[in-house]
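The values are calculated or read from the model by the stated rules, or taken from the named source; none is laboratory data. As the structure is a computational prediction, the values presented were derived from the model and not from experiment. Cβ sites come from the backbone with ideal geometry, for glycine too, and all protein chains shown count toward neighbours.
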Amino acid sequence: MSVRSEIAAVTAAIAERSKAGREAYLARIATACDAGPRRGTLSCGNLAHGFAACGGADKAALAGDTVPNLGIVTAYNDMLSAHQPYERFPDVIRKAAQEAGGVAQVAGGVPAMCDGVTQGQPGMDLSLFSREVIAMSAGVALSHNMFDAAVFLGICDKIVPGLMIGALAFGHLPAVFIPAGPMPSGLPNDEKARIRQLYAEGKIDRAGLLEAESKSYHGPGTCTFYGTANSNQMLMEIMGLHLPGASFVNPNTPLRDALTRAAAKRALAITALGNEYTPVGEVIDEKAIVNGIVGLHATGGSTNHTLHIVAIARAAGIHVTWDDFARLSEVVPLIARVYPNGLSDVNHFHAAGGMGFLIGSLLDNGLLHEDVRTVAGGGLQSYRREAVLGAQGEADWREAPEKSLDENVLRPASNPFQASGGLKLLTGNLGRAVIKISAVKPERHVVEAPAIVFSTQEELLAAFKAGELERDFVAVVRFQGPRANGMPELHKLTPQLGVLQDRGFAVALVTDGRMSGASGKVPAAIHVTPEAVSGGPIARVRTGDILRVDAKAGTLAALVDEAEWAAREPVKGDLSANQFGMGRELFSAFRAMAGPAEEGAGVTVLSAPAEAA
């Protein structure tokens, strides 16, 4: 089925807007492809350094130009449950490369921090900017010009977007992303949320809370709720950078290892040395970006990707705006319910039909571009399949189920949970913001109430503890944008706001910070731009102003007399407390250079208009 006219129109608008930047980008990667790598033209000293630690056979292979060399860029550390399984992936990849007649080397590592550990802590101020550090680290890893393709080992929040940006800087190289999979299901996510709220109310102690959290996050693998990490995996598959069906296979299983071997061999098969050359800069085009946004809406994915997709696109010379997200949201239905948008986790989603069913249903309803390049070849139709273990222990594929095996979790696009996507754009005299509505009950899509203004999340938590928030209100938490303090997630506020909402109060959050991939049942207008530290309208709000957060009409407004509103001077926040400590002083240049949220909240070229790329 051809893509629907509305999808085609958004894609065409992005392509037209991006024409100059995209052409310049493609010209650069064509030049890079022509220039190398050609190991035979490296000086003997260069080459000797590049393979000094290799075995004899690999040295002999790398001495010429004819054997492909695979660079491994890894985000392994054993503190992150999602990344701990990567410890043994390089050995698996090296062996697979040898079987395929190639060589594989670990090109470099990138940092990987856990937002679950830093949530509500000073270290969270480094989180978003770690994306840029990861991109630059990937660039350093590949700068040795020894490689014909690269595989990227990363899963979690800023890590995959950072690796993507780094990969696109080397857009002439094929890139295959290799996931490690989610941990098996533990304590149900809704039960975990219930216990968090009980702790916020003082009804259980810390030991009880820690016991519940430990039963939720209990082993190697990605956290099982549908936050940014698992949204990343969906994006990599629907954009054609995973092998089909690879996203949600559990770690340390025979199928997981088989998929890792297959990914390494496939990366070697699509280099410029063969007949299927597939550079990542051509895989990620306007159609692939639109497919990613469609997938985000259809699954109720992470709000963080209204930043990350913009930044990824710009790294490929493509200019995406929140208006594109909004236009696509109107025509893309929500067809998955995974916590926090439902009660099930990603393991249940995978069992119900997973990515193969999701992609097939979206294709059948004209909601995805099928005619795209992918690392698997064959356009997006090849992603209607699910991965299985073959008779010899190899990765094999079969058609995904034609019908969902559990319509409480996953439905066809012809029978969705709701007709529009999970994210919406809000605009008004408070600026522009995004809101995730897939987990918010319809009767809470509009909140009109007095503002209570805070400059830190700690102020809000103290007010809750003191019993000062037992009323209808809109919490305004400002000076949380990228230039103020690195735009931390404010997910620590979720239990308290959830408690107040459950007590019958009309509650909403408005902030120039982020919330989380786990944004849930409380309506939250986030990423407000311009941010407060840049003099944005959010800095004019005073406690007692009536604010209207309206996800139905798509508006975000202070109901204040226009003349009074225009005459108000923006409040200037005291940022001294978040400039130092826990490494924050190292990121002062990033805060100074950060672009606005709608441009991806990146630094330097990543926040520049694509037309100037």
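Identify all residues within region 458-489 that are within 21 Å of LEU556 (Cα to Cα), in contact (Cβ under 8 Å) with a residue 60 or more places away in the chain and in contact with a Leu (Cβ under 8 Å, 6 or more places away or on another chain); write none if there are none.
VAL474, VAL476, PHE479, PRO482, MET487
Out of curiosity, is LYS158 within 29 Å of THR456 (Cα to Cα) and in contact with a Phe, Trp or Tyr (Cβ under 9 Å, 6 or more places away or on another chain)?
Numbers: within 29 Å of THR456 (Cα to Cα): yes; in contact with a Phe, Trp or Tyr (Cβ under 9 Å, 6 or more places away or on another chain): yes.
Considered against the rule, which asks whether it is within 29 Å of THR456 (Cα to Cα) and in contact with a Phe, Trp or Tyr (Cβ under 9 Å, 6 or more places away or on another chain), LYS158 comes out as yes.
Restricting attention to region 104-140, report how many residues are of a type in the set (A, V, I, L, M), surrounded by fewer than 24 Cβ atoms within 10 Å (Cβ to Cβ) and part of a helix (DSSP H, G or I). Quick ask: steps written out before the conclusion?
We begin by selecting, within region 104-140, every residue of a type in the set (A, V, I, L, M); these are 104, 106-107, 110, 112-113, 117, 124, 126, 128, 133-136, 138, 140.
Filter once more, so that each one left must be surrounded by fewer than 24 Cβ atoms within 10 Å (Cβ to Cβ): 106-107, 113, 117, 126, 133, 136, 140.
Then keep just the ones that are part of a helix (DSSP H, G or I); that gives 117, 126, 133, 136, 140.
Selection size over region 104-140: 5.
Considering only residues of region 61-94 that are exposed (fewer than 13 other Cβ atoms within 10 Å of the Cβ) and at pLDDT below 80, which is nearest to PHE177 (Cα to Cα)?
From region 61-94, those exposed (fewer than 13 other Cβ atoms within 10 Å of the Cβ) are 64, 66, 78-79, 91; that's our starting set.
Now drop any that are not at pLDDT below 80, which leaves 64, 66.
Values: GLY64: 27, THR66: 24 Å.
Only one residue tops the list, namely THR66.
Select, from ALA48, ALA8, ALA53, the only residue that is farther than 22 Å from THR271 by Cα and part of a loop (DSSP other than H, G, I, E, B).
Just one listed residue meets the conditions, ALA53.
Considering every residue within region 446-457, establish whether at least one is under 17 Å from ASP502 (Cβ atoms), of a type outside the set (S, T, N, Q) and touching a Phe, Trp or Tyr at 6+ places or on another chain (Cβ under 6 Å).
yes
Looking only at region 351-364, count how many residues are surrounded by fewer than 22 Cβ atoms within 10 Å (Cβ to Cβ) and closer than 22 Å to ASP285 by Cβ.
1
Got a sec? Which helices (runs of 4 or more DSSP H) wholly within region 157-242 have at least 3 residues that are surrounded by fewer than 24 Cβ atoms within 10 Å (Cβ to Cβ) and either touching a residue at least 60 places away in the same chain (Cβ under 8 Å) or touching a Ser or Thr at 6+ places or on another chain (Cβ under 6 Å) (or both)?
Passing ranges, in order: 189-200.
Residues that are at pLDDT below 95 and more than 30 Å from ASN230 (Cβ to Cβ): list the helices (runs of 4 or more DSSP H) wholly contained in region 440-555 that include at least 2 such residues.
On the way: elements: 457-465, 482-485, 494-502.
Result: empty, no element qualifies.
Listed here are the residues, each with its yes/no results for (1) touching a Cys at 6+ places or on another chain (Cβ under 7 Å); (2) surrounded by 24 or more Cβ atoms within 10 Å (Cβ to Cβ); (3) closer than 16 Å to PHE177 by Cβ.
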{"residue": "GLY245", "(1), (2), (3)": "no, yes, yes"}
{"residue": "ASN252", "(1), (2), (3)": "no, no, no"}
{"residue": "LEU255", "(1), (2), (3)": "no, no, no"}
{"residue": "LEU259", "(1), (2), (3)": "no, yes, yes"}
{"residue": "GLU276", "(1), (2), (3)": "no, no, no"}
{"residue": "ILE284", "(1), (2), (3)": "no, yes, yes"}
{"residue": "VAL290", "(1), (2), (3)": "no, yes, no"}
{"residue": "ILE293", "(1), (2), (3)": "no, yes, no"}
{"residue": "HIS308", "(1), (2), (3)": "no, yes, yes"}
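When you go through (1) out of contact with any Phe, Trp or Tyr (no Cβ under 6 Å at 6 or more places or on another chain); (2) closer than 26 Å to ALA258 by Cβ one by one for TYR76, which number turns out not to apply?
Among (1) out of contact with any Phe, Trp or Tyr (no Cβ under 6 Å at 6 or more places or on another chain); (2) closer than 26 Å to ALA258 by Cβ, the lone unmet condition for TYR76 is (1).
Picking from SER18, SER2, which residue would you name as being among the small types (Gly, Ala, Ser), farther than 21 Å from ALA167 by Cβ and touching a residue at least 12 places away in the same chain (Cβ under 8 Å)? Lay out the reasoning, then the answer.
Details: SER18 fails: farther than 21 Å from ALA167 by Cβ.
Result of the check over SER18, SER2: SER2.
Could you pull out the residue among ALA35, ALA30 that is over 29 Å from THR222 (Cβ atoms), touching a residue at least 24 places away in the same chain (Cβ under 8 Å) and among the aliphatic types (A, V, I, L, M)?
Testing whether each residue is over 29 Å from THR222 (Cβ atoms), touching a residue at least 24 places away in the same chain (Cβ under 8 Å) and among the aliphatic types (A, V, I, L, M) leaves just ALA30.
Kindly provide the set of residues from region 310-324 that are part of a helix (DSSP H, G or I) and in contact with a helix residue (DSSP H, G or I) (Cβ under 6 Å, 6 or more places away or on another chain), ordered by number. Step through it out loud before you land on a result.
From region 310-324, those part of a helix (DSSP H, G or I) are 310-315, 322-324; that's our starting set.
Passing the criteria: ALA311, ILE312, ALA313, ARG314, ALA315, TRP322, ASP324.
Working only within region 413-439, note down all residues that are in a strand (DSSP E or B) and not basic (Lys, Arg).
Selection gives GLN418, LEU423, LEU425, LEU426, THR427, GLY428, GLY431, ALA433, VAL434, ILE435.
Kindly indicate whether any position in region 223-243 is farther than 28 Å from HIS308 by Cβ and acidic (Asp, Glu).
The answer is no, given that none of the residues of region 223-243 is farther than 28 Å from HIS308 by Cβ and acidic (Asp, Glu).
Rundown of residues vs (1) more than 25 Å from ASN77 (Cα to Cα); (2) assigned to a loop (DSSP other than H, G, I, E, B); (3) in contact with a strand residue (DSSP E or B) (Cβ under 6 Å, 6 or more places away or on another chain); (4) in the same structural domain as SER344 (by TED's automatic domain parsing), yes/no style:
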| site | (1), (2), (3), (4) |
| --- | --- |
| PRO244 | yes, yes, yes, yes |
| ARG256 | no, no, no, yes |
| ALA272 | yes, yes, no, yes |
| VAL290 | yes, no, no, yes |
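Just give me the residues in region 27-53 being of a type outside the set (Gly, Ala, Ser), under 18 Å from ARG314 (Cβ atoms) and either surrounded by fewer than 18 Cβ atoms within 10 Å (Cβ to Cβ) or not assigned by TED's automatic domain parsing to the domain that holds LYS287 (or both), in sequence order.
Passing the criteria: only ARG28.
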